[in-house]
Each structure stands twice: as C-alpha cells, then as structure tokens.
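Notes follow the structure.
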Amino acid sequence: MKRFFDKPWFYKILALLLAILLAIYINNNQQGFAPKGQRNQTIKTATRKETLKVPLQVSVNTDKYYVTGYPEKVSLTISGSSALVTSTMNTQNFRAFIDLSRLKTGTHKVPVKINGLSNQLAYSIKPKTVRVTIQDRKSKSFPVQIEYNKGAVPDGYQIGTATSDPSVINVTGSKSEVNQIDRIVARVILPKGQTETYNREVMLIAEDRDGRQLNVVMDPATTHVHVPIHLPSKKVKVNVTSHNESQNRIYSLTANHSSVRLYGKASVLKKLNEVSLDVNLDNISSTTTKKVNLVLPKGIVKADPSEFTVKIRVSESMNSVKKE
C-alpha cells in the first residue's frame with residue numbers, strides 16, 4: 001500500500017481531481033452566477049416602466065393665430081431597459097407636440113406626437129389626441145381699473161386716489177375674445193378696519209360688459225396696487241373752560257398746551273377752529289395742578305395731545321373778604 005502512494009502518477013491524478021472540484025465550487029458560488037433559464041428571466045425583469053408629465057408644445061404661426069383647448073401637459077409612459085429609462089428621465093431630450101402648421105382657423109382634432117425619444121424605448125401618450133380651436137390673433141392695450149371695498153376703512157379716515165403700476169397692460173388672445181373686453185380690473189380686498197395705506201400685488205382680470213371673465217393673456221398678469229389711506233388732521237386753539245366754581249373764589253386756569261392737533265372727518269375739521277378743555281373745579285380750594293382729558297367733538301377720532309396739565313390758581317373774592 002505504501003508503494004501505491006509513492007507512485008508519481010497517483011499524486012498527479014489526485015491534484016487533477018482536486019482542481020476539478022475547486023473549479024466547480026468556485027463556479028457555483030461566484031457573484032452573479034445563474035443557470036441558463038434563470039439568466040433569461042433576469043434579462044426580462046431588468047426592464048423599467050415610468051410615467052411622467054411632459055409639457056405639450058404647439059407648432060403654429062403664433063404671430064397670426066391664437067390656439068386654445070389643449071392641455072399644458074400630457075402623460076408619457078416609457079418602458080425599456082432600466083439604464084435607458086433612467087437616462088431618458090434625467091436628460092429628457094425629447095418633446096411632446098402638436099403640429100398645427102398646416103391647419104386654418106376652426107376646431108380640429110390632432111394627434112399628440114413625440115420627437116427625440118430613443119427607438120429602443122416603448123411608449124404611450126395620454127391623451128393620444130387633443131381638440132384645439134385656432135382663431136385669428138389680436139393684441140391691444142387697456143388701462144387698469146381698480147376696485148376695492150371702501151367699507152373696510154373706519155369712519156373718519158380718508159381714502160386717496162388708488163393707483164396701479166403698471167397702469168396700462170397689453171392683452172393678447174383670439175380676435176373675438178379681445179373684441180369683447182370691456183375693462184381690465186384689479187380687485188383689492190382691504191382688511192376690515194384698515195387704517196394705513198395699503199399696497200398689494202393683485203391679479204388682473206379681463207371682463208366683458210356683463211362681468212364675464214374672458215380667456216386672454218395679459219402682460220403682465222399682475223399689477224402693484226397702492227391705496228392711500230390717512231386720517232385728516234387740523235391744528236386748532238385750546239380754550240380752557242371750567243365748571244363747579246365756588247362763588248367765593250377767583251380762579252385762573254392755564255393749560256400746558258395752547259393748541260391741539262385733531263384727527264377726524266375732513267368735513268368736521270373744516271368747521272372747527274378751537275376746542276374747549278373743560279375743567280371741573282369742584283373741591284378745588286387752593287392753587288394746584290390737574291390732569292384733564294380732552295373730550296373729542298363728534299366726528300373726531302383722536303387728538304394729540306389728548307391729555308393736558310392745567311395749573312389752577314385760586315384766590316378769595318373781594319365779596320368774601322368784605323363779609324369777613
């Protein structure tokens with residue numbers, strides 16, 4: 001037996017068997033190995049399907065025609081190898097379009113086409129066709145009219161002339177729609193109790209005589225509206241008066257301000273030249289100072305200052321001295 005293991009050919013055969021077994025083991029366990037049937041299945045499942053929204057372009061003479069009725073975007077479903085689908089979605093070197101270049105005015109049903117998509121990809125479009133209306137194009141300039149709710153501003157506050165920037169805009173659309181435009185409106189909703197100048201960017205609306213909104217393109221589509229709101233004011237003289245005086249005393253009253261600024265209705269302010277600061281002298285028997293609030297006349301919202309310091313000098317009357 002020992003002689004058998006000492007033979008050179010024995011070791012050669014053993015080494016060959018070990019090499020064959022090792023090759024089989026490595027081949028069965030290497031990464032990505034699959035039997036022939038499984039490999040074919042893997043190739044089939046390597047495909048990818050994706051749906052994306054694509055802007056719909058319109059091929060037409062835009063200087064002459066105005067087109068309505070088509071959607072802004074269409075749904076495009078593509079399928080193919082995972083790598084190609086991913087690359088197509090990332091680059092999007094294709095376009096969806098409708099060709100109206102050979103059509104005249106009127107309503108037409110046209111197919112949606114795709115250009116620039118790899119022929120190795122399968123695809124479907126939704127919708128496949130769209131119905132469009134081709135009309136003669138027209139452009140015209142219109143002034144902007146401003147509307148706002150005046151009732152939101154409190155009584156006494158004054159609203160100036162509202163302005164917009166820009167005050168004139170260019171409108172483009174079908175000839176029939178543009179011809180129906182009665183006005184371009186910027187509607188402003190003032191918050192209730194608004195007491196300060198109001199500024200806001202407002203969407204513009206094109207309306208016909210019946211107030212129906214028209215389908216046109218405005219450039220720009222918004223305008224900056226400025227609604228000036230302020231409280232009218234006037235500086236008037238302060239006339240210091242008193243009540244509840246004692247007959248046995250003489251009073252001299254001096255306020256720390258001889259005038260006051262009143263805020264309120266312009267019509268009320270126009271009639272006012274002075275206001276009374278009435279001081280209650282009840283229980284005032286010696287020289288002192290007193291804080292007095294100004295009573296606002298009807299139609300006046302506020303005053304500056306609204307509180308006065310009144311110096312009250314008191315002395316005995318001559319009749320009182322004689323009686324003593």
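Derivation of every value follows stated rules applied to the coordinates shown; laboratory data play no part. From a predicted model like this one, the values you see are computed outputs, not experimental measurements. Positions of Cβ are generated from backbone atoms using ideal geometry, with glycine treated the same way; all protein chains shown enter the neighbour counts.
A few points about this structure:
- Its alpha carbons give the range 233-318 an Rg and a Dmax of 14.4, 47 Å.
- Cα extents for the chain along the principal axes, largest to smallest and rounded to whole angstrom: 165, 83, 22.
- Cβ-based exposure ranking for Leu100, Leu272, in which fewest neighbours within 10 Å come first: Leu272, Leu100
- For Val310, net neighbour charge (Lys/Arg +1, Asp/Glu -1) across residues whose Cβ lies under 11 Å away: +2
- Cleavage-rule hits (trypsin sites (Lys or Arg not before Pro)) in the range 189-268: DSSP loop, at most 16 neighbouring Cβ within 10 angstrom: Lys192, Arg209, Arg212
- Cα-only Debye scattering, the range 167-299: base-10 log of I(q)/I(0) at q = 0.15, 0.16, 0.21 Å⁻¹: -0.85, -0.91, -1.16
- Counting DSSP beta bridges with both ends in the range 229-324, the antiparallel % (nearest 5): 75
- Normalised size of the range 55-207, defined as Cα radius of gyration per 2.2 N^0.38 Å with N residues, equals 1.58.
- For the pair Ser167 and Asn239, the difference between a 0.36 nm per residue extended length and the Cα-Cα distance amounts to 21.1 nm.
- Taking a span of 27 Å or more along the helix axis (Cα atoms) and a mean Kyte-Doolittle hydropathy of at least 1.0 as the rule, the DSSP H helices of the chain that qualify are 8-29.
- Calculated P(r) of the range 137-230 - Cα pairs past 16 Å, %: 55
- Taking amide H atoms as placed 1.01 Å from N in the peptide plane, the amide H of Ser276 lies under 5 Å from those of Asn239, each 5 or more residues away in sequence or on another chain.
- Relative contact order of the chain, taken over Cα pairs closer than 8 Å and 6 or more residues apart, is 12 percent.
- Built amide H within the under 5 Å cut-off of Lys302, gap 5+: Tyr263
- Global size of the range 48-127: 14.3, 44 Å for Rg and Dmax (C-alpha atoms, Rg to one decimal, Dmax whole).
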